[in-house]
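What follows is a single structure, written as structure tokens, with notes after it.
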Amino acid sequence: MVGVSLILLSNLLFFSEDMLSISISGVVLTTCIICYLIRHHYPTASVMILTAVILAAMIYQRLASPTTTTSLSIVLIVGFIISVMLKGGLLWLMHALTIIILNTVFISNLKDPVTAAITYSILYFILTYATGILKLNYDKMHQHLINNNIELHQKAEKIAAQNEELLDTQDNLRKLNMNLEKIVNERTRKIQTQNEILIKYSYTNAHHLRGPVARLLGLASIYHLERQADPDFFISKMVDQAHEIDSVVKQINVELASNNVGLS
């Protein structure tokens, strides 16, 4: 667009009487602007419109002014654009149309059309072939970069998934450790409580057991000291003390069981 704008401006300033060139430059500039605006949504159509309008304008200029020297350069530029921007069937179709136009309209008024056709065709072929090879290499490199980007993206996704899995595992381990720590603390508190209960009852009930035991020992000592002791009396008293001891032991077991303290 900048190039066509400069050409149009120079025609207006220096060749204002050449209305044909001014009109053609205006048409080409308008087409460039339209194709520029639609290039993202319709890339192939924009190239087709631009090259078709340029070729039509150059054909009209060539027929209207056979002595013009810009037609060939414009055709070569169009061939370059076709090689760069189009692919597949459209590429070969536009090249064929351009070759036909080049070998008919643009050399129709030359003195030696055969030599001109051969020269222009070879020149067009060299330009478009070289451009096509460069475009092919560019496409290969571009596709290679796309494949590498896809592979890197897949690896990044895989690494992200592994990282997320590791984070989940770490979170599960953290929760498990917290749960284990809680269980250990609870069991430790339970054992401490049971130990305190055992110490308390062992200390308290020792006094309850000491009385009957002391009385048993006292009865045994008195029995041995008295020469005419009544065995039935002493045995009855000893049995009473034994029952009292048994009662105290049962009470201790009941109290320990009520506090979930096990004895082994």
Note: region 1-53 at 37 °C, 0.692 mPa s; Kirkwood Rh on alpha carbon pairs; Stokes-Einstein D in µm²/s works out to 284
Gaussian network model of the chain, springs between alpha carbon atoms under 10 Å - residue of 153, 243, 40 with greatest fluctuation: 243
What distance in nm separates the two pseudo spin-label positions at residue 240 and residue 199, each 7 Å out from Cα along the beta-carbon direction? 3.8
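State in Å² the accessible area per residue of region 122-251; use a 1.4 Å probe, count heavy atoms of protein chains only, and round to the nearest integer. It would help to have the intermediate numbers written out before the result.
Working: 10770 Å² over 130 residues.
I get 83 Å² per residue for region 122-251.
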Loop sites only, by DSSP: take the GluC sites (Glu not before Pro) in the chain that have at most 15 other C-beta atoms within 10 Å and name the longest stretch containing none of them. 18-225
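How much length is gained on full extension from residue 223 to residue 249, taking 0.36 nm per residue of separation minus their Cα-Cα distance?
Gain on stretching residue 223 to residue 249: 6.8 nm.
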Quickly estimate the mean residue ellipticity at 222 nm for the chain, helices only: each DSSP H run with n ≥ 4 gives -39500 (n - 2.57), and the total goes over all residues, rounded to 500. -31000 deg cm²/dmol
Assuming R0 = 51 Å, what is the FRET efficiency of residue 38 and residue 165, from their Cβ-Cβ distance, to the nearest 0.05? 0.60
Candidate lysines - alpha carbon under 27 Å from residue 250, same-chain residues fewer than 8 apart omitted: 190, 200, 237
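The values are calculated or read from the model by the stated rules, or taken from the named source; none is laboratory data. This structure is a prediction, so every number in the text was calculated from the model and none was measured. Note that we place each Cβ from the backbone using ideal geometry, even for glycine, and neighbour counts take in every protein chain shown. The area values use the complete protein model at the heavy-atom level, side chains included, leaving out ligands, DNA and RNA. Shrake-Rupley method; radii C 1.70, N 1.55, O 1.52, S 1.80 Å.
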